[in-house]
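Below you'll find the structure, written out as structure tokens, and then a few comments.
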Amino acid sequence: MEAIILQILNGLDKGSAYALIALGLTLIFGTLGVVNFAHGALFMIGAFCAVTFSRILTLSHTVVDETQTDFLGNPLKVDVPYLHDLFGQATGDAIIDWAVPLSILFTVPVMMFVGYAMERGLIKHFYNRPHADQILVTFGLAIVLQEVIKYFYGANPIPTPAPQAFAGSLDFGAMLGFDPNLIIYPYWRIIYFIFSAIIIGAVFAFLQYTTFGMVVRAGMADRETVGLLGINIDKRFTIMFGLAAAVAGLAGVMYTPINSPNYHMGMDFLVLSFVVVVVGGMGSLPGAVLAGFLLGILESFASMREVLEILPGLNQIIIYLVAIIILLTRPRGLMGRKGVMED
Amino acid sequence: MSKSNFTRRGLLKTSAVAGAGLALPTIFTAQSAHAFTNEPTGGTVTLGFNVPQTGPYADEGADELRAYQLAVEHLNGGGDGGMLNTFSSKALDGTGILGKKVEYVTGDTQTKSDAARASAKSMIEKDGAIMITGGSSSGVAVAVQALCQEAGVIFMAGLTHSNDTTGKDKKANGFRHFFNSYMSGAALAPVLANAYGNDRKAYHLTADYNWGYTTEEAVRASTEAMGWETVAAVKTPLTQTDFSSYIAPVLQSGADTLVLNHYGGNMVNSLTNAVQFGLRDKQVNGKDFQIVVPLYSRLMAKGAGANVKGIFGSTNWHWSLQDEGSKAFVKSFGTKYGFPPSQAAHTTYVQTLLYADAVQRAGSFAPCAVAEALEDYEFDGLGNGKTLYRGADHQCFKDVLVVKGKENPTSEFDLLEIVEVTPVEQVTYAPDHPQMGGPEATLGACNNGA
């Protein structure tokens, strides 16, 4: 029982990341009809926004400490952040400690701009081209973006810890009456799950309850008719692309304390997220969210030692196995519109 | 009207003489021109540095390349000479190798066996490399070593830690200076028993590939011999990034120690996840929960950040060593590049010097002569104390460092502290040890190629 609860919890945070990325992917597909293979790169750029913001906060000047020596025996050069000079050491360190949550403020405008530039600069030229062309160009773009990041930040993962206040884990088991230490769950992963739920809720509310969202939904259903009504739907779709980029970026920012970001992290998530979109239904927002959590939990269960002893290697194929079954039995996905992927 | 002087007999005679004349130089020179693959004929000799320049180990590869370039500079008489000044052999004098100026070409392994073989092949066939060296992965090392064996060139392995490189997959043309999984286990186990006691229950998470298997086998054997019990060993996919579903069940298993047989990005992520789950703050079986990382690298420790504090592991070399060789290398590398060298940089620098020295002592670039000069060769002054290049398996035997993540680092390079220098006797094994492939594993015959 404990093992099952534990793997459900594990699946929730993994599913949160899949759901957030897949949400953006399916939003772009539903509005612009573009299969965006560069979406994983947006997740990665978001994570590096956190790294960049953290570096901005730790911008330093050098002070020579005569009492210590460096590896060559010279007096040690110590970096002192400017924040220490401005606010004192304690406050400066506290601000640096909260770099990841604070970087959300930095990431949203950056990602909106990146999304806007990507759509206007490249992707709009491929709207009327076959999906194969779109996949090729966006996949190429993803590779270019990750190589640019590697050039500036290197290939090694960069530690970006959560604030000290969220270090450690919550003993869920003890709360539910089990023995201590049987069901533990890190605080930051709880934060990540809650954060994802808020973002997903906000995107749905935006589309459901605002005039802008209503027009976008109308455009998704019948682009031509909305255009005939004199509404510039293309402009709104471009904004939606920026919004999808911001969602992917935020998913990346908050993911950095879970795994140290590296240039390749977008690709690690991209394929899985596409499977999530396909399973959920291309263009279906609730489908993406549902499939994200479902596959996250399934992946966690498939990684259990007891399962692997019976079916070795299941952890590596489970998601693709589900995708195959769904594509064979219900090509439009769990919540996809009738006709999509079925012709 | 012109008259032809050609007769049938005359034509035959002329053809025979001309043919013999043309063939003569080849007949007399064939043996020396093609005595072995890529025999250097001019005033230069080309070495092939095959390192990951792209992909996840690109930073490690960049450090290896820096060390190679430094070694070439020193071999050609440039810089301050580095470890040439402390090396026990005095055969090298800064005039290149056998009087030939050292040049180099580079290849990108991408940490993929096929790409590494392709780049090594290109360096041998197109660039005329006489020796191939490098790599940051055991899979790559084993693949390139086999290629060099077939091609008839010497392979001086870079960072490769799997037992198989000089165990079941050893080759007569391949040599490894870096330590291996067996040595890590043998060095770590007594330190772990001393620090954490003999009554521990260990849970292994193991990267699902060659190096992971040999490391798990070595650490399990050594720790179980000390009295530890292995509760479970779970293989994790190499592509895994989030290890939460593997780490969460650890406490439920009753284990009080987690051994992460992971390297590179896997190690950074699994360690980060384990610390996030608060494993190190827990008490199990009345003991503090502990984590062990059998193979440490400074570049990985940097990626894991503060999570490495207090965690034991092993390493081939560390820049804080105070022997004359290490100090000379750190000074030379640090002055040129502005930061201390990694263990990957150290082993590749040393391998280049050892190859050059062997050629110089053998008086020939012929791979079999070089191999003979390296086999059972004892040396000192290259940073690891007295070292033996054992002839039976082409593995270097030297002291092994047990390290621990530093509690209060003074810089981004000061992440590990040496807790014990394990003497070579403790990490030495028989060449036909079961972990090394047993008696069936042989070096085979040396190949001069051509």
Strands (runs of 3 or more DSSP E) wholly inside the stretch B:343-450 that include at least 3 residues being surrounded by 18 or more Cβ atoms within 10 Å (Cβ to Cβ), at pLDDT 95 or above and under 20 Å from the mean Cα position of the chain (by Cα):
B:400-405
Subset of the stretch A:313-334 that is in a helix (DSSP H, G or I) and touching a residue at least 40 places away in the same chain (Cβ under 8 Å) - its residue that is nearest to the chain's Cα centre (by Cα)
A:Ile319
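Name the residues in the stretch A:1-12 that are more than 7 Å from chain B (Cβ to nearest Cβ) and touching a Gly at 6+ places or on another chain (Cβ under 9 Å), would you? Even if it seems obvious, please write down each step before you answer.
Quick first cut of the stretch A:1-12, residues more than 7 Å from chain B (Cβ to nearest Cβ) only: A:1, A:4-5, A:8-9, A:11-12.
Within the stretch A:1-12, A:Ile5, A:Gly11, A:Leu12 qualify.
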Among the residues in the stretch A:284-299, are any surrounded by fewer than 24 Cβ atoms within 10 Å (Cβ to Cβ), within 14 Å of chain B (Cβ to nearest Cβ) and part of a helix (DSSP H, G or I)?
yes
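Here's the yes/no breakdown for (1) among the acidic types (Asp, Glu); (2) in a strand (DSSP E or B); (3) closer than 26 Å to B:Pro190 by Cβ; (4) within 19 Å of the chain's Cα centre (by Cα):
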{"site": "B:Leu299", "(1), (2), (3), (4)": "no, no, no, yes"}
{"site": "B:Gly303", "(1), (2), (3), (4)": "no, no, no, no"}
{"site": "B:Asn307", "(1), (2), (3), (4)": "no, no, yes, no"}
{"site": "B:Trp319", "(1), (2), (3), (4)": "no, no, yes, yes"}
{"site": "B:Gln322", "(1), (2), (3), (4)": "no, no, yes, no"}
{"site": "B:Phe329", "(1), (2), (3), (4)": "no, no, no, yes"}
{"site": "B:Ser332", "(1), (2), (3), (4)": "no, no, no, no"}
{"site": "B:Lys336", "(1), (2), (3), (4)": "no, no, no, no"}
Residue check, A:Gly281 against (1) facing chain B (nearest Cβ under 10 Å); (2) within 17 Å of A:Leu20 (Cα to Cα), all met but one. Which one?
(1)
For the stretch B:208-227, which positions are more than 26 Å from B:Asn384 (Cβ to Cβ) and outside any helix (DSSP H, G or I)?
B:Asp208, B:Tyr209, B:Gly227
So B:Ile291 fits all but one of (1) free of Cβ contacts under 8 Å to residues at least 60 places away in the same chain; (2) farther than 25 Å from A:Pro157 by Cβ; what number is the exception?
(2)
Can you tell me which condition B:Thr335 does not meet? The list is (1) out of contact with any Gly (no Cβ under 6 Å at 6 or more places or on another chain); (2) more than 14 Å from every other protein chain (Cβ to nearest Cβ), and all the others hold.
(2)
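Of all residues in the stretch B:52-97, which are polar (S, T, N, Q) and away from chain A (no Cβ under 14 Å)?
If we filter the stretch B:52-97 for residues that are polar (S, T, N, Q), which is where we start, we get B:53-54, B:69, B:76, B:85-86, B:88-89, B:95.
Across the stretch B:52-97, the qualifying residues are B:Gln69, B:Asn76, B:Asn85, B:Thr86, B:Ser88, B:Ser89, B:Thr95.
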Scan the stretch B:268-284 and tell me whether some residue there is facing chain A (nearest Cβ under 10 Å), touching a residue at least 40 places away in the same chain (Cβ under 8 Å) and closer than 25 Å to B:Leu65 by Cα.
no
Return the residues of the stretch B:81-93 that are surrounded by 14 or more Cβ atoms within 10 Å (Cβ to Cβ) and either assigned to a loop (DSSP other than H, G, I, E, B) or in contact with a strand residue (DSSP E or B) (Cβ under 7 Å, 6 or more places away or on another chain) (or both); say none if nothing qualifies.
B:Gly81, B:Thr86, B:Phe87, B:Ser89, B:Ala91, B:Leu92
Considering each residue of the stretch A:169-183, count those that are modelled with pLDDT of 85 or more and in a loop (DSSP other than H, G, I, E, B), and give that number.
0
For B:Asp199, all conditions in the list (1) outside any helix (DSSP H, G or I); (2) buried (at least 21 other Cβ atoms within 10 Å of the Cβ); (3) among the charged types (D, E, K, R) hold save one; what is the number of the exception?
(2)
Give the residues of the stretch B:228-249 that are facing another protein chain (nearest Cβ under 8 Å) and within 23 Å of A:Asp179 (Cα to Cα), sorted by residue number.
B:Ala232, B:Ser244, B:Ser245, B:Tyr246, B:Ala248, B:Pro249
Of (1) assigned to a helix (DSSP H, G or I); (2) touching a residue at least 24 places away in the same chain (Cβ under 8 Å), B:Asn194 satisfies all except one. Which?
(2)
Among the residues in the stretch A:263-283, are any without any contact (Cβ under 8 Å) to a residue 12 or more places away in the chain, more than 18 Å from the chain's Cα centre (by Cα) and part of a loop (DSSP other than H, G, I, E, B)?
no
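Which residues, counting only those in the stretch B:176-218, are among the charged types (D, E, K, R) and within 26 Å of B:Ala157 (Cβ to Cβ)? I'd like the intermediate steps shown before the answer.
Filtering the stretch B:176-218 for residues among the charged types (D, E, K, R) gives B:176, B:199-201, B:208, B:216-217.
If the condition is that a residue be among the charged types (D, E, K, R) and within 26 Å of B:Ala157 (Cβ to Cβ), then B:Arg176, B:Asp208, B:Glu216, B:Glu217 are the ones that fit.
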Here's a check for you: in the stretch A:156-191, which residue that is within 18 Å of A:Val253 (Cα to Cα) and of a type in the set (Gly, Ala, Ser) is surrounded by the fewest Cβ atoms within 10 Å (Cβ to Cβ)?
A:Ala165
Which condition from (1) touching a Leu at 6+ places or on another chain (Cβ under 6 Å); (2) hydrophobic (A, V, I, L, M, F, W, C); (3) farther than 25 Å from B:Phe329 by Cβ is the one that B:Ile124 breaks?
(1)
Top-ranked residue of the stretch A:155-172 - restricted to ones that are in contact (Cβ under 8 Å) with a residue 40 or more places away in the chain and at the interface with chain B (Cβ under 9 Å from one of its Cβ atoms), ranked as farthest from A:Pro257 (Cα to Cα):
A:Ala155
Tell me, yes or no, whether the stretch A:207-217 has at least one residue that is outside any helix (DSSP H, G or I), touching a Phe, Trp or Tyr at 6+ places or on another chain (Cβ under 9 Å), crowded, with 17+ Cβ neighbours inside 10 Å and modelled with pLDDT under 90.
no
Restricting to the stretch A:54-99, what's the tally of residues that are within 26 Å of B:Ala328 (Cβ to Cβ), in a strand (DSSP E or B) and of a type in the set (Gly, Ala, Ser)?
0
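Quick check on my filter: what residues within the stretch A:218-259 are in a helix (DSSP H, G or I) and within 14 Å of another protein chain (Cβ to nearest Cβ)?
Correct list: A:Ala251, A:Gly252, A:Met254, A:Tyr255.
Say whether the condition of being more than 13 Å from every other protein chain (Cβ to nearest Cβ), on the phi > 0 side of the Ramachandran plot and either surrounded by 12 or more Cβ atoms within 10 Å (Cβ to Cβ) or modelled with pLDDT under 95 (or both) is met by at least one residue in the stretch A:80-92.
Residues of the stretch A:80-92 more than 13 Å from every other protein chain (Cβ to nearest Cβ): A:80-92.
Of the ones still in play, those that are also on the phi > 0 side of the Ramachandran plot are A:88.
Then keep just the ones that are either surrounded by 12 or more Cβ atoms within 10 Å (Cβ to Cβ) or modelled with pLDDT under 95 (or both); that gives A:88.
Yes: one or more hits.
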Pick from the stretch A:128-150 the residues that are more than 10 Å from chain B (Cβ to nearest Cβ) and loosely packed, with under 13 Cβ neighbours inside 10 Å: which of them is farthest from B:Pro52 (Cα to Cα)?
A:Asn128
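The values are calculated or read from the model by the stated rules, or taken from the named source; none is laboratory data. Quick caveat: nothing in here was measured; it's all calculated off a predicted structure. We place every Cβ from the backbone using ideal geometry, glycine too, and count neighbours over all the protein chains shown.
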